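For reference, the structure is listed below as structure tokens.
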Amino acid sequence: MQVAVIRFPGSNCDRDALHVLGGVVAGSSARFAWHKDTALGACDAVVIPGGFSYGDYLRAGAMAAHSPILGAVKEFAARGGPVLGICNGFQILCEAGLLDGALTRNASLHFECRDVHVLVEGRPTPWTAAIPAGRVLRIPIAHAEGRFVHDDVEALEREGRVLFRYADAAGGITDGANPNGSLRNIAGIANRAGNVVGLMPHPERASEAILGGTDGRALFDSLAAHFAGSPARV
């Protein structure tokens, strides 16, 4: 499994993603793709990492959505290739039209940086199919514009495209567990085809015990299981 990690000026989680996908997840290798590239090269999946692409100038993800590499990412996604956007990557996918909805300023108007719990639900995707529905993951967040808004949340839910919701440690969907004011506690969604996924929490920062937890690795292990044709649970 070869994963392309997109690198933008201002990204600060690209090396974290490269490390996890290239040195932690079994059977996986990873390499960078530069934002000015017009082709991805041979790859099985794409990760758009977190950070502050282009310094969040204008608004988070707005400029990166028009980088040359996004044309190749759109073509890859249109062919059914798995794409994951993490934090700023989620913002970029929404700005580029690969995911619907938008990420706006946190309700607190503050940068929020801490561990949160998310409940896994929705229909299977390459990034979640090996994670049992109802599992609660502890993963860190670090964002100022993470409040998810959408003009038809009911449709997202009806179509099974809400994959992660902010929850308490027991899986309860409460206002107190929502760190940014996202509608319906939504932390991550998929596109209609199910191959493009975005989430605000950082799974790459919770993929090794030395970092304090390994819950985030479940997404990457799920991708590996997807390509291995394995129904294994992670």
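Every number here is computed from the coordinates shown, using simple stated rules; none is lab data. Computed from a prediction, not measured in an experiment: that's the story for all the values here. Note that we place each Cβ from the backbone using ideal geometry, even for glycine, and neighbour counts take in every protein chain shown.
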Neighbours of residue 61 by Cβ distance under 12 Å: Lys/Arg at +1, Asp/Glu at -1, summed charge -2
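Counting alpha carbon pairs within less than 8 Å and at least 6 residues apart, what relative contact order, in whole percent, applies to the range 27-165? Please report the intermediate quantities before stating the final value.
Values: 212 pairs, mean separation 30.6, N = 139.
Relative contact order of the range 27-165: 22 percent.
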222 nm mean residue ellipticity, helices alone, for the chain (DSSP H n ≥ 4; -39,500 (n - 2.57); rounded to 500): -6000 deg cm²/dmol
Label residue 12 and residue 173 with points 7 Å out from Cα along Cα→Cβ: what is the distance between them in nm? 3.2
Expected vector for the range 45-56, Karplus 3J(HN,Hα) from phi with 6.51, -1.76, 1.60 and θ = phi - 60°, integer Hz, x for Gly and Pro, equals 7, 10, 10, 9, x, x, x, 9, 3, 6, x, 6
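For the chain, what does the relative contact order come out to in percent, with C-alpha contacts under 8 Å and a separation of six or more? Kindly include the intermediate steps, with their values, before the conclusion.
Details: 583 pairs, mean separation 46.8, N = 234.
Relative contact order here is 20 percent.
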For residue 78 paired with residue 133, estimate the spin-label separation in nm (one decimal), with each label point 7 Å from Cα along the Cα-to-Cβ line. 3.2
Taking loop as defined by DSSP and a crowding limit of 15 other beta carbons within 10 Å, which chymotrypsin sites (Phe, Trp or Tyr not before Pro) in the range 1-81 fit? 57
Under the definition of Cα pairs under 8 Å and six or more residues apart, what whole-number percent is the relative contact order of the range 166-219? 19
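List the GluC sites (Glu not before Pro) in the range 129-234 that DSSP assigns to loop (not H, G, I, E or B) and whose Cβ has at most 16 other Cβ atoms within 10 Å. Which are they? Before the final figure, lay out the partial values.
Numbers: sites: 145, 154, 157, 159, 204, 208; in loops: 145, 159.
Qualifying residues, ordered by number: 159.
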Overall Cα dimensions of the chain, principal axis frame, Å, largest first: 43, 42, 36
Measuring from label point to label point, each 7 Å out along Cα→Cβ, what is the residue 29 to residue 2 span in nm? 0.7
